[in-house]
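First comes the structure, then the notes that go with it.
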Amino acid sequence: MTFSKSVWFLIKKDLLIEWRQRYAFNGILLYLASVVFLIYVSFMELKPEMWLTLFWIVMLFTSVNAVAKSFLQEGRARWLYYYSIASPYAIIVAKMIYNLTLMLILCLIGLIIYIVVLGNPLLHPTYFLLVVIIGSFSFSLTFTLMSALASKAGNSAMIMPILSFPIVVPILLLLVKLSREALYGGILEWPVKDFALLISLDAVMLVLAMLLFPFLWRD
Amino acid sequence: MRKGWWKVLAIALMLFTIIMGMMATVPALPILHETIRNLFYHVPMWFGMTLMLLLGMIFSIKFLRNGRMEDDIIAASFTKVGLLFGCCGISTGMIWAQSTWGVFWNNDPKENAAAVGLLLYFAYFVLRNSMDDLDKRARVSAVANIIFYFTFIPIIFIVPRLTDSLHPGNGGNPGFNAYDLDSNMRKVFYPAVIGWSLLGTWITTIISRSEIINRELQFSLNNSSMNNSSKQLDSKF
């Protein structure tokens, strides 16, 4: 089987599992909605800067939970099966693309819920949408790799966040900084340098994942 | 003894650093005053930490290439010493911050980045110790070590540059080079960096050797106890 074909089959398999276990995705959505509601009832008024930061923190927690299960849900026996039918590169690429789709959907639904409940202080919504898309891309890359690491450890559910949070700090700071531009009026100056930095961080993650996953996956 | 020349050098450099660090003439500067001597202890900690973590990462790569258990133990020991240097660096930095900036923790981006870096490496040890199977532990922690090193570098070099820092050389503050790392201080600073790094390597060799001996002892104990129990079984039946 060619590389692209096996990637496609693996993604299809993950999507099928997701569709058959809709409760998991619904659970994540409910989690997101509850957190947003919690913010709504606990803050009297939300300053725009705070609005942004909280949005990214909500997204961070939601995506850690959403991506964590991508590796944790696979049992040992199933790994043995994958080992015999696909290359490790195909598996990690498939997982990343699948998580990217999941995160994109989740971030867009999250943004809608967030804006509906907490109002919209954005002056450049399209620009913000672009940052959200790049953000979900970065989150999915980083957390996929971390989930692959954590799935090998004992007590993975505890390990996953403590591995992910420190690693995601530069990405989170860049995203908050980039999305702050969306709050202010006037002519939008494109922060090209920060975008380049974020994309190069993602590239580092991607290269690391491709180089190291073959060592990680077999038991 | 001939092989141990660098340990002698380490002792000599450490003595030099401690004595000259206290005795050398330093420029009289406002706010900093005599705390500038912390430069010989605080800054080399970060140099040493980065170097120890780099060496740990290199041994992790070596482990993934050849699968020798010793390389894994050495990699973990280097990382442990790097983390120790980081803790020393952050505590000396906090003491310095208290006397020059007024508080122990100033929400300074460099302080925050260092703290995040330390969290990352503490997580490495939690991950490492969460696995019982020695083979799997070595493999997974080698992979983690490589990933962490390449994310640790952006954390300490990128995060501080996103906002202004109180540290020299950031946010309009002149760098140390500009005014006070004069030739007198350089004479102590560079030997200090080399001395701390050598000391770190020395500690690493001791830790890794004791770990290797421990492991061999355990194996031989297990084997002998198994032999004994089988003998007992033999005598019973």
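The values are calculated or read from the model by the stated rules, or taken from the named source; none is laboratory data. It should be emphasised that the depicted structure is a prediction, and the values quoted were computed from it without experimental measurement. Virtual Cβ from ideal backbone geometry, glycine too; neighbours counted across all protein chains shown.
Residue by residue, here is whether (1) in a helix (DSSP H, G or I); (2) under 25 Å from A:GLY135 (Cα atoms); (3) not small (Gly, Ala, Ser) holds:
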position: A:LEU15; (1), (2), (3): yes, yes, yes
position: A:GLU18; (1), (2), (3): yes, yes, yes
position: A:GLU45; (1), (2), (3): no, no, yes
position: A:SER63; (1), (2), (3): yes, yes, no
position: A:ALA66; (1), (2), (3): yes, yes, no
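When B:LEU51 is tested against (1) under 25 Å from B:SER91 (Cα atoms); (2) aliphatic (A, V, I, L, M); (3) over 12 Å from the mean Cα position of the chain (by Cα), exactly one condition is not met: (3). Taking B:TRP105 as the residue in question, decide whether it is over 19 Å from the mean Cα position of the chain (by Cα), within 21 Å of A:PRO166 (Cα to Cα) and modelled with pLDDT under 90. Criteria met by B:TRP105. Condition test on B:ILE90, is it in a helix (DSSP H, G or I) and farther than 30 Å from B:LEU32 by Cβ? For B:ILE90, the condition - in a helix (DSSP H, G or I) and farther than 30 Å from B:LEU32 by Cβ - is not met. Mind checking whether some residue in region A:150-167 is more than 9 Å from chain B (Cβ to nearest Cβ), more than 20 Å from B:LEU120 (Cβ to Cβ), within 17 Å of the chain's Cα centre (by Cα) and part of a helix (DSSP H, G or I)? Within region A:150-167, none of the residues are more than 9 Å from chain B (Cβ to nearest Cβ), more than 20 Å from B:LEU120 (Cβ to Cβ), within 17 Å of the chain's Cα centre (by Cα) and part of a helix (DSSP H, G or I). Checking B:GLY56, B:GLY82, B:GLY93, B:GLY67 one by one, the residue that is surrounded by fewer than 19 Cβ atoms within 10 Å (Cβ to Cβ) and closer than 29 Å to B:PHE148 by Cβ is B:GLY67 and no other. Screening A:GLU181 with (1) crowded, with 23+ Cβ neighbours inside 10 Å; (2) farther than 27 Å from A:TYR89 by Cα; (3) more than 10 Å from chain B (Cβ to nearest Cβ) gives one miss only, at (1). Residues in region B:121-140 that are more than 7 Å from chain A (Cβ to nearest Cβ), assigned to a helix (DSSP H, G or I) and closer than 20 Å to B:PHE219 by Cβ: B:ARG128, B:ASN129, B:LEU134, B:ASP135, B:ARG137, B:ALA138. Condition check: outside any loop (DSSP other than H, G, I, E, B), surrounded by 18 or more Cβ atoms within 10 Å (Cβ to Cβ) and either in contact (Cβ under 8 Å) with a residue 40 or more places away in the chain or aliphatic (A, V, I, L, M) (or both). Does B:ALA115 satisfy that? So B:ALA115 fails the test.
Checked against (1) facing chain B (nearest Cβ under 10 Å); (2) touching a residue at least 60 places away in the same chain (Cβ under 8 Å); (3) farther than 27 Å from A:ASP194 by Cβ, A:VAL117 passes all but a single condition, namely (1).
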